[in-house]
Protein chains: 2
Amino acid sequence: MAIPDNQGGKRAADVIVTALEARITSGELENDKPLPPERDLMEEFGTSRTVVREAISSLANRGLIELRPRFRPIVRKPDYGTLLSATGTIVRYLLNEPGGVQNLYQSRVFIERGLVRDAALNATKENISDLKAALLANEKALDHSEEFFRTDIAFHGVLYRIGNNPIFPAMHEGFTSWLSPNWARMTRSDDHNRSVYLDHKAIYDAILERDPARAEEALIAHLSAAWSYVEETF
Amino acid sequence: MAIPDNQGGKRAADVIVTALEARITSGELENDKPLPPERDLMEEFGTSRTVVREAISSLANRGLIELRPRFRPIVRKPDYGTLLSATGTIVRYLLNEPGGVQNLYQSRVFIERGLVRDAALNATKENISDLKAALLANEKALDHSEEFFRTDIAFHGVLYRIGNNPIFPAMHEGFTSWLSPNWARMTRSDDHNRSVYLDHKAIYDAILERDPARAEEALIAHLSAAWSYVEETF
DNA sequence: ACACGAGTTTGGTACAATCAAATTGGAAAC
DNA sequence: GTTTCCAATTTGATTGTACCAAACTCGTGT
């Protein structure tokens with residue numbers, strides 16, 4: 001079965017969904033602006049409000065519309081971040097299945113291994129200075145548990161931005177938002193923070209010296225250590 | 001903005017969504033079985049049918065329920081494939097934006113580079129025999145354009161299955177279903193098929209000899225060649 | 001020029017009714 | 001006894017109307 005999605009089924013709502021979808025992606029319905037009122041749409045499409053409403057709900061679930069409780073629906077042109085919110089529910093469910101967290105974490109390690117290798121091989125001066133800045137921020141926050149957590153994530157985030165491909169930062173957001181709940185419980189002692197920082201530094205150094213193998217090793221050591229913490233919480 | 005999803009908003013429909021979501025994931029509502037009738041649900045939750053309907057629609061969009069036009073809604077425990085259909089619309093839109101196809105293709109190359117490296121390092125005897133079988137099938141289909149295309153995809157698919165992580169095959173499905181439309185137009189001459197086959201064989205050989213660097217090189221050469229075809233069609 | 005408040009717009013929910021397709025169950029046929 | 005086939009019923013899809021409360025508008029008064 002290769003993506004059935006929608007076939008012959010011609011629910012009235014689907015017609016509206018398709019039409020609005022086109023208007024949003026074509027720009028006829030401007031980004032960040034409110035959708036026409038339900039009552040107008042119902043008149044335009046010659047259907048009942050129920051149907052219009054269902055269509056809107058559908059678009060909201062697909063991330064093309066932002067739906068706040070009592071407010072006008074707001075048009076949102078999709079970006080790679082939209083994919084995250086659209087998949088959030090499913091992912092969260094999958095994570096609760098046996099091995100779910102491990103599978104996702106393993107994927108993250110896989111990705112970042114490739115990223116640090118590439119960084120070691122192709123990082124520009126600017127990339128490296130970004131990385132250095134992130135590392136410094138990380139060091140400065142050594143004593144501030146809260147801030148350290150943020151800079152930790154930010155450091156990894158730089159790696160995802162090196163390739164200049166918007167898909168990767170989106171993946172980073174996904175990894176952090178889906179996996180960090182499993183981190184939340186883990187004690188963030190100063191000792192631990194220092195060890196994390198040193199890992200980051202090792203990765204940075206290897207990249208600086210253009211040594212992909214060592215960069216990959218350092219990353220694996222880093223993320224394996226983190227994983228052992230996660231494992232304990234189960 | 002880190003995944004707002006739903007906040008304070010307490011729409012009545014959301015209550016039902018949450019409840020049914022729990023019943024589905026807990027198994028109280030069995031997989032592949034129809035949902036209770038809307039009228040029963042409306043009585044149970046003490047709401048109008050409108051709300052029940054909206055909730056069902058929402059669950060359908062999230063992939064937890066399959067909704068065929070006039071049939072009973074069917075419960076579907078999500079798997080990693082569900083993510084694909086849930087994101088299909090958005091991805092297809094993103095691909096039409098400038099650089100969209102290239103970004104996705106680049107991600108695919110990135111992933112497969114890691115996969116072949118890992119394969120060269122860690123593939124079990126069974127993995128390798130799977131790969132060999134796929135390669136043979138690919139060779140046999142050299143003269144059958146249709147079949148060759150399938151075995152081409154299958155060969156790459158083996159790589160995604162080596163890690164034993166269900167996320168990767170799902171990614172493969174995504175790549176093929178989202179990118180192959182761009183392949184469709186490209187001429188599949190016998191000459192071209194042979195060149196593709198030889199690329200596959202080079203990758204296989206490198207993996208067999210446990211040489212990750214050569215495997216990666218072979219893969220890059222292979223996918224770069226394919227990309228040049230895609231580029232021409234723009 | 002600014003704050004305020006009444007009136008209007010709009011989304012959220014409810015209820016009742018109709019239609020057409022799907023499902024079921026029992027009668028008829030083999 | 002098993003199968004076939006046609007009602008009767010179930011159920012999803014859609015319509016229309018109505019009401020409420022929150023958001024929004026706009027004009028008034030300070």
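Observations on the structure shown:
- The residues on offer are B:L59, B:L64, and the sole one that is farther than 25 Å from B:S180 by Cα, in contact with a strand residue (DSSP E or B) (Cβ under 6 Å, 6 or more places away or on another chain) and within 16 Å of DNA strand D (Cβ to nearest atom) is B:L59.
- Residue in region B:70-80 that is in a helix (DSSP H, G or I) and not basic (K, R) present: yes
- Restricting region B:67-85 to residues that are at the interface with chain A (Cβ under 9 Å from one of its Cβ atoms) and out of contact with any Leu (no Cβ under 9 Å at 6 or more places or on another chain), the residue that is most open to solvent (accessible area, probe 1.4 Å): B:R70
- Test: residue in region B:21-28 that is not in a helix (DSSP H, G or I) and not assigned by TED's automatic domain parsing to the domain that holds B:H222: yes
- Selection from region A:111-127 of residues that are outside any helix (DSSP H, G or I) and either open to solvent by less than 20 Å² (accessible area, probe 1.4 Å) or within 11 Å of chain B (Cβ to nearest Cβ) (or both): A:A123
- Here B:L179, B:L135, B:L159 are screened, and the one residue that is modelled with pLDDT of 95 or more and part of a helix (DSSP H, G or I) is B:L159.
- Of all positions in region A:31-51, at least one carries a residue that is open to solvent by 40 Å² or more (accessible area, probe 1.4 Å) and within 10 Å of another protein chain (Cβ to nearest Cβ).
- So B:L94, is it closer than 25 Å to A:I56 by Cα and either in a helix (DSSP H, G or I) or open to solvent by 40 Å² or more (accessible area, probe 1.4 Å) (or both): yes
- Of the residues A:R53, A:R23, the single one that is more than 9 Å from DNA strand C (Cβ to nearest atom) and without any contact (Cβ under 8 Å) to a residue 24 or more places away in the chain is A:R23.
- Residue within region B:57-64 that is more than 7 Å from every other protein chain (Cβ to nearest Cβ), open to solvent by less than 10 Å² (accessible area, probe 1.4 Å), within 16 Å of DNA strand C (Cβ to nearest atom) and at pLDDT 85 or above present: yes
- Within region B:186-234, being among the aromatic types (F, W, Y) and at pLDDT below 95 holds for B:Y197, B:W227, B:Y229, B:F234.
- When each of B:G174, B:G163 is tested for being open to solvent by 30 Å² or more (accessible area, probe 1.4 Å), under 20 Å from the mean Cα position of the chain (by Cα) and small (G, A, S), the lone residue that passes is B:G163.
The values are calculated or read from the model by the stated rules, or taken from the named source; none is laboratory data. None of the values given here were measured: they were computed from a predicted structure. Every residue, glycine as well, gets a Cβ built from its backbone with ideal geometry; the counts of neighbours run over all protein chains shown. For accessibility, only protein heavy atoms count, side chains too; no ligands or nucleic acids. Shrake-Rupley method; radii C 1.70, N 1.55, O 1.52, S 1.80 Å.
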